[in-house]
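Down below is the structure, laid out as structure tokens.
The values are calculated or read from the model by the stated rules, or taken from the named source; none is laboratory data. Bear in mind the structure is a predicted one, so any value in this text is a computation, not a measurement. Quick reminder, even Gly has a Cβ in these numbers, built from the backbone with ideal geometry, and neighbours come from all protein chains shown.
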Amino acid sequence: MIETEKDARKTVERALLVGINDSSRTAEESMLHLDELAELAGNLGIATVGKIIVNLKKPHAKYYVGTGKAEEIAEELKALDADCLIFDDEMYPAQQRNWERLTEILVIDRQEIILDIFVKRATTREATLQVELARLEYYLPRLTKAWSHLSRQGGGGFNKGEGEQQIELDRRLIRNRIAALKSELEVVQTQRDTQRKNRKNNNIPMAAIVGYTNAGKSSLLNKLCDSKVYIANKLFATLDPTTRKYTLPNRQELILTDTVGFVRKLPHALVEAFKSTLEEAVLADFLLLILDISSPVVKEQWETTLEVLKELGADSKRIITVFNKIDLEEDPEHVEWIRGLFPDAVFISAATGEGLNELTQRMESYCSDWNTIIRVKLPPARHDLAAYSHRNGDVLESEYDENGNLFMTVRIDKQGAREFSEYLQTNH
């Protein structure tokens, strides 16, 4: 991968965060956004030494904020001895360059923080390819600040002649690398499509576990399937979808897939890069939307998750809303408030198992719409259908009569049930 200047710079440790308060949100909401940005930065080892909310009707071209406010922030940076300035909103490359000239420190935005977290979390080939693609597409218009091997003059200026030639060369290299990454991801996409097709051919309903990052999606998968998916109390602990087969108490099999977590202002480049991963939500028969009830902004996290699902075209899916970490929520009034907002939701603790019986009953109900239970009488000449029922369904009862007829009770998907249309006895 082409190395960026940011990779080569000294590690930053102390950041001042800047949020924007405009007509689309309240000051309290803006501060909650900065609290989450502080948590994101903390995942990279960057401590937050200050937070500033700027009231702004519309962005300014040079610094995003007004010139006077920019100078105030620059003074605050010196007073706090901060070595990094992080904006909660996306900035144009020119605005970032203007800020770095003004402050002489690293200036980044929320998107760059999230991209760097994804870089640290990516482990598999697919996740690594997806993250590199998103990162290069983000840095392409930021070359004059990002590439380390450009010729420099004292004071941080560039040697325009050789530097501009090098920038054009770098742009070409990056575009070629982006094209190569997309080709590699197409191969991975084909492999994933084959896996999905195989799962579909098994005639087993599929559910995708979606939700805000660190809400407990992987913990729920581990609890239900007795698996050992990596979990940690940090944002974006896992980036790769994990699929497990789960047998419900009524013996109905279900495919469960844990997906990458969502977050406010998830960079569009990441959504695009992770489309093949996130498509698990689009192709599932229904969704388990997991939320952390102990979070003070759980309602906003629900809204963010729905926004991402809408962008993916999965917002029309049947959804079971699940509030996790009920064991950590000590305020009963908050719980009752959430129950009032979401009367059809299920409340669980993936850690203790509380509420899982209700959740599995709800999943059984959703799966019952996907399949049907039939009673059939198969003559001796059609015992091949018995083998079919074992391959594609769940045989609940079977017995022969004195004439060799086979009576069976089978749970099977509605398409498979059509194979038995001539021999139906009772349809449950």
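So, in region 411-424, of the ones that are loosely packed, with under 13 Cβ neighbours inside 10 Å and basic (Lys, Arg), which residue ends up farthest from Lys377 (Cα to Cα)?
Taking region 411-424 as the starting set, the residues that turn out to be loosely packed, with under 13 Cβ neighbours inside 10 Å are 414-415, 418, 421-422, 424.
If we keep only those that are basic (Lys, Arg) as well, we get 414, 418.
Numbers: Lys414: 18, Arg418: 14 Å.
Checking each candidate, the answer is Lys414.
Going through Lys69, Lys78 one at a time, which residue ends up being assigned to a helix (DSSP H, G or I), basic (Lys, Arg), closer than 19 Å to His33 by Cβ and in the same structural domain as Ala41 (by TED's automatic domain parsing)? Spell out the reasoning first.
Details: Lys78 fails: closer than 19 Å to His33 by Cβ.
From the options Lys69, Lys78, the qualifying one is Lys69.
Any residue in region 401-410 that is surrounded by 13 or more Cβ atoms within 10 Å (Cβ to Cβ), within 38 Å of the chain's Cα centre (by Cα) and outside the structural domain of Ile255 (by TED's automatic domain parsing)? Quick ask: steps written out before the conclusion?
Going residue by residue through region 401-410, those that are surrounded by 13 or more Cβ atoms within 10 Å (Cβ to Cβ) are 405-410.
Next cut, within 38 Å of the chain's Cα centre (by Cα) only: 410.
When the remaining residues are screened for being outside the structural domain of Ile255 (by TED's automatic domain parsing), the result is 410.
Scanning region 401-410, I find at least one residue that is surrounded by 13 or more Cβ atoms within 10 Å (Cβ to Cβ), within 38 Å of the chain's Cα centre (by Cα) and outside the structural domain of Ile255 (by TED's automatic domain parsing), so the answer is yes.
Taking the stated definitions as given, is Leu85 at pLDDT 95 or above and under 19 Å from Gln111 (Cα atoms)?
Spelling it out, Leu85 is indeed at pLDDT 95 or above and under 19 Å from Gln111 (Cα atoms).
Give region 362-392 a look and list any residue that's without any contact (Cβ under 8 Å) to a residue 12 or more places away in the chain, closer than 22 Å to Leu291 by Cα and not small (Gly, Ala, Ser), or say none.
Answer for region 362-392, where residues must be without any contact (Cβ under 8 Å) to a residue 12 or more places away in the chain, closer than 22 Å to Leu291 by Cα and not small (Gly, Ala, Ser): there is none.
Taking the conditions exactly as written (polar (S, T, N, Q) and outside the structural domain of Thr259 (by TED's automatic domain parsing)), does Thr321 satisfy them or not? First the steps, then the outcome.
Numbers: polar (S, T, N, Q): yes; outside the structural domain of Thr259 (by TED's automatic domain parsing): no.
Considered against the rule, which asks whether it is polar (S, T, N, Q) and outside the structural domain of Thr259 (by TED's automatic domain parsing), Thr321 comes out as no.
Quick check on my filter: what residues within region 311-337 are more than 25 Å from the chain's Cα centre (by Cα) and outside any helix (DSSP H, G or I)?
Glu330, Asp331
Of all the residues that make up region 71-108, how many are closer than 15 Å to Gly50 by Cα and touching a residue at least 12 places away in the same chain (Cβ under 8 Å)? Show your work before the answer.
Residues of region 71-108 closer than 15 Å to Gly50 by Cα: 72-88, 107.
Pick out the ones that are also touching a residue at least 12 places away in the same chain (Cβ under 8 Å) and you get 73-74, 76-77, 80-88, 107.
Qualifying residue count for the region: 14.
Being touching a residue at least 60 places away in the same chain (Cβ under 8 Å), out of contact with any Gly (no Cβ under 7 Å at 6 or more places or on another chain) and part of a strand (DSSP E or B) is the filter here; which residues of region 402-427 pass it? Give the steps one after another, and end with the answer.
Initial filter on region 402-427 (touching a residue at least 60 places away in the same chain (Cβ under 8 Å)): 411-413, 415-416.
Of the ones still in play, those that are also out of contact with any Gly (no Cβ under 7 Å at 6 or more places or on another chain) are 413, 415.
Correct list: Asp413 only.
Only one of Phe347, Phe407 is within 25 Å of Ala207 (Cβ to Cβ) and in contact with a Phe, Trp or Tyr (Cβ under 9 Å, 6 or more places away or on another chain). Can you tell me which?
On the way: Phe407 fails: within 25 Å of Ala207 (Cβ to Cβ).
Exactly one residue qualifies, and that residue is Phe347.
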